[in-house]
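Nothing in this text is a laboratory measurement; each read-out follows from the coordinates by a stated rule. Since this is a predicted model, take the numbers as computed values, not measurements. Neighbour counts run over all protein chains shown; Cβ positions are idealised from the backbone, glycine included.
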Amino acid sequence: MANFTNTLRLDGEPPKLTIVSNRFEATIAASRIGMDIDIPLQGNELKGKIEIDFGAGAYKEAIRLRHAYVKNNNWLIGQTTSNFVSFATTPEMLDPNTPLGGATYRPMMLRYENKLNEKTPYAIALEKGHDQNRLPALTAKISHQVSNTLLVNLRGLLQEVHAPELN
């Protein structure tokens, strides 16, 4: 129903998946259910997040794990959004599936985050790559807030790549 751009017909015919006419349709697909955890410890900050949505399955009706991580001060371990994805430069949208051409990737990771100064945060992570990879991907990001309207953003990715075997 929402953001199935591959099912939109350009010849004026109805979409391939459903024909919506004179009926009410609703979906839970855009819903998120989660819990944020924040436990102050002596000099430490222990945080966590567990969040699910209904974005799995052929019709976006099955439960999918979005976030599941624990963060202690600057260290994070678990599943959350990749360093390589930039939400700071993505437009705000009502469509939960990102703008056309956008990306969301939430791998398992071990990440270290800190700041060079108040306007320049950075992060480096080992993230789960493709299943056939022997090594995790190494990702890094650094941003600098020049002014209220200007953000400079640099991201990097180093990963093992396998070429298909030729017979």
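Some notes on this structure:
- A simple spin-label model places pseudo-atoms 7 Å from Cα toward Cβ; at ARG64 and LYS128 they are separated by 1.5 nm.
- When each of the peptides 32-43, 149-160, 50-61 is scored by how many other beta carbons lie within 10 Å of its residues on average, the order from highest to lowest is 50-61, 149-160, 32-43.
- Added length on full extension, which subtracts the Cα-Cα distance from 0.36 nm per residue, LEU166 to ASN44: 38.6 nm
- Around PHE54: net Lys/Arg minus Asp/Glu count, Cβ-Cβ under 13 Å: +1
- Distance from the Cα centroid of region 112-134 to that of region 67-88 is 8 Å (rounded to whole angstrom).
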